[in-house]
Amino acid sequence: MIKLTHIEQTYGEMRILQDVSFEAKTGELIALVGPSGSGKSTLLQLLGLLQSPSDGMIQFDGRPVVDSSDEGRRRMRLEEIGFIFQESHLVPFLTAAEQLELVAEEAGRTIDAAAQLDVFGLRDRRNHLPHALSGGERQRVAIARALVNDPRLVLADEPTASLDYENAQLVMQLLQQQAHEHGKTVLVITHDERMLTYCDRILRMEDGRVLE
Ligand SMILES: Nc1ncnc2c1ncn2[C@@H]1O[C@H](COP(=O)(O)OP(=O)(O)O)[C@@H](O)[C@H]1O
Ligand SMILES: [Mg+2]
């Protein structure tokens, strides 16, 4: 589904990513691990079309995305990519259901937010504001929100880092389910070795290089 070829990222004199090449298939849950500063988040931002690489090619289903227009990339980001971060980044004054509806509206869709929250065990939390939810519940709302537009690619940057073990496992189970049962391609950055058992493949990064 995704193919990266000879990706380079430099900021001035600093080389952040060097000759990164790999492929990710539909339905795969891939872990991205490596020391702090090795380039994991930068790589995820490139995959999420949030920035363009200094050099190299990114393809979705064989189509190069680097050359697309800003508007083309924006639509692709909105329709095909879901993001999850360490903190849930929910809007403080919107209920769980409204968080999902906001994203749907932006994409011109109407959704059944209660039904979508139900998938994540949150139906009875749909009218709660973020401050009335636990950390684990907030992160599950963030996952539900990332999936509102039924993206094919899900990118998660340390989604379990601020959760206890039990909630971290639940998040990994949900991501695995999205990959294996719903055919999403999921890339997840993690520092927790215990989370790797959920993943089909591990990409190890060191000094801006991917050592599979
Ligand atoms: N926008 C930027 N400008 C300059 N340097 C950056 C920028 N973003 C990240 N870096 C540098 O790139 C390196 C890799 O960062 P990052 O991708 O966040 O690593 P990781 O997520 O593996 O901890 C770090 O040395 C960081 O300081
Ligand atoms: Mg990072």
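Assess whether R204 counts as being in contact with a strand residue (DSSP E or B) (Cβ under 7 Å, 6 or more places away or on another chain), modelled with pLDDT of 95 or more, of a type in the set (K, R) and within 24 Å of G48 (Cα to Cα). Quick ask: steps written out before the conclusion?
Details: in contact with a strand residue (DSSP E or B) (Cβ under 7 Å, 6 or more places away or on another chain): yes; modelled with pLDDT of 95 or more: yes; of a type in the set (K, R): yes; within 24 Å of G48 (Cα to Cα): yes.
When the stated conditions are applied, R204 passes them.
Of everything listed in (1) under 27 Å from A107 (Cα atoms); (2) in a helix (DSSP H, G or I); (3) not hydrophobic (A, V, I, L, M, F, W, C), the single unmet condition for E166 is (1).
The residues in region 145-170 that are buried (at least 24 other Cβ atoms within 10 Å of the Cβ) and either within 16 Å of ligand 1 (Cβ to nearest atom) or modelled with pLDDT under 95 (or both) can be counted, and the count is 4. A count restricted to region 55-71 and to residues that are at pLDDT 85 or above and either assigned to a loop (DSSP other than H, G, I, E, B) or out of contact with any strand residue (DSSP E or B) (no Cβ under 7 Å at 6 or more places or on another chain) (or both) stands at 5.
Can you tell me how many residues within region 89-115 are surrounded by 20 or more Cβ atoms within 10 Å (Cβ to Cβ) and either assigned to a loop (DSSP other than H, G, I, E, B) or free of Cβ contacts under 8 Å to residues at least 12 places away in the same chain (or both)? Here the count works out to 2.
In region 134-163, what count of residues is obtained for those that are in a loop (DSSP other than H, G, I, E, B), farther than 17 Å from T190 by Cα and touching a residue at least 40 places away in the same chain (Cβ under 8 Å)?
Looking only at that region, the number is 5.
Residues that are surrounded by 14 or more Cβ atoms within 10 Å (Cβ to Cβ), more than 7 Å from ligand 1 (Cβ to nearest atom) and not hydroxyl-bearing (S, T, Y) within region 6-23 comprise I7, E8, Q9, R15, L17, Q18, D19, V20, F22, listed in sequence order. Which ones in region 24-67 are away from ligand 1 (no atom under 12 Å from the Cβ), among the β-branched types (V, I, T) and over 12 Å from the mean Cα position of the chain (by Cα)? Across region 24-67, the qualifying residues are T26, I58, V65, V66.
The values are calculated or read from the model by the stated rules, or taken from the named source; none is laboratory data. All of these numbers come straight from a predicted model, not from anything done at the bench. For neighbour counting, all protein chains shown are included, and Cβ atoms are generated from backbone atoms with ideal geometry for every residue, glycine included.
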